[in-house]
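Chemist: Take this structure, written in structure tokens, and hold onto it; I'll ask about it next.
The values are calculated or read from the model by the stated rules, or taken from the named source; none is laboratory data. Please read all numbers here as calculations on a predicted model, not as lab measurements. Using ideal geometry, Cβ is built from the backbone for each residue, glycine included, and neighbour counts are taken over all protein chains shown.
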Amino acid sequence: MRTEKDLTETLRTAADHAPEPGGLLAGVEGHRRRGRRRRTQGLAVATAVAAVLATGTVMAANGRQAAAPPPAARPFPQATAVPLEQVWSRAVVTMPTMRADGLRRVPVTALDATRILAVAGPRADTIRAIEVYDTTTRTFREITDISVPPDMRTYRPQPPALDGLNLAWHVNAVRKDGTKVREIWTVPLAGGEPRQIAAMTGEHLRIERIALDGDRIIWSERTGGVWWMPLTGGAPKRFPGSEGLHLVKWPWASDVADLEDRSQTRVVNLSTGRPATKDVVAPLDALRLRCGPSWCQGVRGGRTYLQRVDGSAAAEPQGLGLVPRFSDYPALDRFVVTGSAVYDVRTGTLATYDRPGIWWGNFMSAEPSATMYWSERANEYRVLNLAAVPPAQ
């Protein structure tokens, strides 16, 4: 599976070092293939794995022994593999790829069961419009267009975030005088004129993920730390106790960044004034574990490994395949996407696909995307809207 999420390592690393950081769509056109790199695990990991195999010890991922060790992961029986368009037929829709003005659309994520957020641009490194696609009426509504200020040499919007009322995005930009700047913009989801709420140079150039929470914008930075600012603008403020944390999905934060190989050890709620921390309880041989509010996914023993944050419901579903190396937590805290299937942790459904052109929208979204899309014919996408999958199906 070729996914935008798989491209983020190259693009985000380049953004740190190159004078012209990568753009929102750059991964779609510019990096269609990537090699799979394998890193040899160090002696500490090997020793920990040996300890697990020898003693069965389950630890909190932060190294402390769990007070109540969860049961060992149970390989699920081979699930009945059902083609996704058969098991979730009502969640698969078509979407035109091209606008009348020649801009190419790309799905971002699902707003709900009948609306898909999309962006459009003339080429890979430029976004010029944000739209909502109504899958029932098969019509588009433009939320806003995005223009390039005349004083900018490069201007590349990054994955958008939304909260049901507003939409926000940040821009990696370089002015004509060579100054790097990070802008933050917002617009009502209902549509309107976009409004810039920040243009930061110097300290806040390494924004990695943003979120919206009512009347404020929230973001984390690659060096760690979660910040906020009113939608009316003002000075950035850091959440108390967020040092070293990275935004997962507001109000949740993690102690590892997206592109780190080590497993997440904490899920931290930052909305309570004082950080409320849940330790991730997991086997020591679970690798690259990433957790949302409830569920975690990673790799263990060469298989995709799933569990709840507290270590319960541990499982290694057979027939699922491996999650991408730098995958996030399950989409909608429910769906695990690999190169050959989508697994619903709520129902145990395994929906499979066998398409060389599958693209996942995860790179395009500030959170794990609720859409997958592929192209079977010119000028049309097939889109799986995970938000349209019924709770019990």
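Chemist: Checking the structure you have, find out if any residue of the stretch 292-301 is in a loop (DSSP other than H, G, I, E, B) and over 24 Å from Asp163 (Cα atoms).
Modeler: Yes, that holds for at least one residue.
Chemist: Still on this structure, I have one more. If you go through the stretch 185-201, how many residues are part of a strand (DSSP E or B) and closer than 16 Å to Leu117 by Cβ?
Modeler: Count: 4.
Chemist: Let me ask you something else. So, of the residues in the stretch 271-283 that are outside any strand (DSSP E or B) and surrounded by 22 or more Cβ atoms within 10 Å (Cβ to Cβ), which turns out to be nearest to the chain's Cα centre (by Cα)?
Modeler: Result: Val280.
Chemist: Just to verify a result, which residue in the stretch 202-244, among those that are among the β-branched types (Val, Ile, Thr) and part of a loop (DSSP other than H, G, I, E, B), is farthest from Pro275 (Cα to Cα)?
Modeler: Thr232
Chemist: Looking only at the stretch 161-185, which residues are farther than 22 Å from Arg222 by Cβ, under 23 Å from the mean Cα position of the chain (by Cα) and not aliphatic (A, V, I, L, M)?
Modeler: Once the filter is applied, which keeps residues that are farther than 22 Å from Arg222 by Cβ, under 23 Å from the mean Cα position of the chain (by Cα) and not aliphatic (A, V, I, L, M), the stretch 161-185 yields Asp163, Gly164, Asn166.
Chemist: Between Gly311, Gly319, which is in a loop (DSSP other than H, G, I, E, B), among the small types (Gly, Ala, Ser) and surrounded by fewer than 18 Cβ atoms within 10 Å (Cβ to Cβ)?
Modeler: Within the list Gly311, Gly319, the selection yields Gly319.
Chemist: Also, I was wondering about something else. One residue is enough: does the stretch 252-272 have a residue meeting the conditions farther than 21 Å from Gly298 by Cβ and touching an Asp or Glu at 6+ places or on another chain (Cβ under 6 Å)?
Modeler: No, there is no match, as no residue in the stretch 252-272 is farther than 21 Å from Gly298 by Cβ and touching an Asp or Glu at 6+ places or on another chain (Cβ under 6 Å).
Chemist: Further question: Anything in the stretch 259-270 that is in contact with a Phe, Trp or Tyr (Cβ under 9 Å, 6 or more places away or on another chain) and either buried (at least 19 other Cβ atoms within 10 Å of the Cβ) or over 19 Å from Phe326 (Cα atoms) (or both)? List them, or say none.
Modeler: Gln264, Val267, Val268, Asn269, Leu270
Chemist: Taking only pairs six or more apart or across chains, which ones have beta-carbon atoms under 6 Å, a first residue in the stretch 131-144 that is surrounded by 12 or more Cβ atoms within 10 Å (Cβ to Cβ), and a second residue that is not in a strand (DSSP E or B)?
Modeler: Final answer for the pair search is Thr135/Thr114; Ile143/Gly191; Thr144/Pro194.
Chemist: May I ask you to verify whether Arg346 is basic (Lys, Arg), under 24 Å from Ile218 (Cα atoms) and either under 12 Å from the mean Cα position of the chain (by Cα) or part of a loop (DSSP other than H, G, I, E, B) (or both)?
Modeler: So Arg346 does not fit the description; no.
Chemist: Would you mind finding the one in Ser220, Ser254, Ser242 that is hydroxyl-bearing (Ser, Thr, Tyr), modelled with pLDDT of 95 or more and surrounded by fewer than 22 Cβ atoms within 10 Å (Cβ to Cβ)?
Modeler: Selected residue: Ser242, the only one of Ser220, Ser254, Ser242 that is hydroxyl-bearing (Ser, Thr, Tyr), modelled with pLDDT of 95 or more and surrounded by fewer than 22 Cβ atoms within 10 Å (Cβ to Cβ).
Chemist: Quick check on my filter: what residues within the stretch 144-184 are assigned to a loop (DSSP other than H, G, I, E, B), among the acidic types (Asp, Glu) and either farther than 24 Å from Ala110 by Cβ or at pLDDT 95 or above (or both)?
Modeler: Matches in the stretch 144-184: Asp151, Asp177.
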